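Each value in this text was obtained by applying a stated rule to the coordinates, not by laboratory testing. Remember, predicted model here, so these are calculated numbers, not experimental data. Here the Cβ positions follow ideal geometry from the backbone for every residue, glycine too, while neighbour counts run over all protein chains shown.
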Amino acid sequence: MPLILHLHPLSSYCHKVLMALYENGTPFEPRMVNLGDPDARAAYLKLSPFGKIPVLQDESRDATVIETSTILDYLQQYYPGPVTLIPHDPDTAREVRLWDRIFDLYIHQPMQRVVADTLRPEGKRDAQTVEEARATLRTAFDLVEKRLGEMPHPGGATFSIADCAAASPLFYAQAIEPFATTHPRLARYFEALLQRPSYARVLVEAKPFMKYFPLADRLPARFTA
Ligand SMILES: N[C@@H](CCC(=O)N[C@@H](CS)C(=O)NCC(=O)O)C(=O)O
């Protein structure tokens with residue numbers, strides 16, 4: 001199998017790529033990375049200079065692709081399937097890429113910042129960073145809520161990389177800044193993402209590991225128990 005995805009089943013950025021692969025039925029070999037093991041980490045840093053997961057390796061083209069948005073771009077170019085992840089029309093493509101960025105930078109990253117803070121020892125936590133991250137989440141939720149009043153997907157009319165970018169950070173953000181009652185369109189959109197077979201599969205595969213998510217007790221039990 002030419003495609004290898006280096007991943008961890010709990011990793012929200014890995015979920016973004018898995019969702020795209022499952023949407024298009026793209027065959028690949030998942031390879032679990034253990035960044036906590038010093039030897040495995042040292043080997044992995046040769047593939048991924050910042051030590052981030054996921055990484056896509058394409059043996060048939062001798063290519064190593066880092067950064068999820070670039071990985072999805074790569075999949076669209078070399079492994080297209082029934083779902084067009086990035087529209088061919090340049091203006092529509094730019095919109096989709098913008099919303100991919102919004103989900104990564106203003107929902108995914110602040111969500112990660114809050115989770116990372118919970119892993120710090122007492123005395124090393126940073127309440128101000130956490131409050132700023134939560135405020136960014138609320139601003140982003142407002143923006144997506146407004147956008148969803150104008151179109152069915154934040155990226156535009158149809159499913160795209162923006163939806164792949166949205167699902168997992170929204171999933172984990174439920175444990176940090178719940179939006180079910182404050183942002184009804186966002187909540188309905190998130191429910192629709194949960195219903196997609198691609199994302200449902202991601203969550204089924206992640207379930208045995210969910211107990212290791214530090215805020216697992218704040219997630220709906222059907223995804224964790
Ligand atoms: N901008 C990167 C972010 C990837 C990322 O943050 N991955 C997390 C897992 S969800 C990670 O590797 N964390 C380990 C670390 O930072 O040491 C991308 O889009 O690929």
What helix-only [θ] at 222 nm does the chain give? Using -39500 (n - 2.57) per DSSP H run of at least 4, over all residues, to the nearest 500, the answer is -16000 deg cm²/dmol
By the DSSP-based rule, helices of the chain that are at least 18 Å long along the axis (C-alpha) and have a mean Kyte score of at least 0.0 are 12-24, 161-173
Once Ala63 and Arg201 are pulled to full extension, the length gained, defined as 0.36 nm per residue separation minus their Cα-Cα distance, is 47.0 nm
Taking a straight Cα-to-Cα line shorter than 24 Å from Lys46, and setting aside same-chain lysines fewer than 8 residues away, one finds Lys16
About its Cα centre, the chain carries a charge dipole, from +1 on Lys and Arg Cβ atoms and -1 on Asp and Glu Cβ atoms, whose size in debye to the nearest 20 is 500
Relative to the compact-globule estimate 2.2 N^0.38 Å (N residues), the Cα gyration radius of the stretch 90-223 stands at a ratio of 1.06
Of the stretch 134-176, those with amide N under 20 Å from the point 7 Å along the Cα→Cβ vector of His88 are 156-162
Whole-Å distance linking the alpha carbon centroid of the stretch 24-100 with that of the stretch 126-163 is 22
Taking a crude spin-label model, label points 7 Å out from Cα along the C-beta direction, the Arg41 to Arg101 distance in nm is 3.2
Dipole check, the chain, charges on Cβ (K,R +1; D,E -1), about Cα centroid: among Thr224, Val33, Ala187 the Cα furthest to the positive pole belongs to Thr224
For the stretch 133-225, listing GluC sites (Glu not before Pro) in a DSSP loop whose Cβ sees at most 15 other Cβ atoms within 10 Å gives Glu150
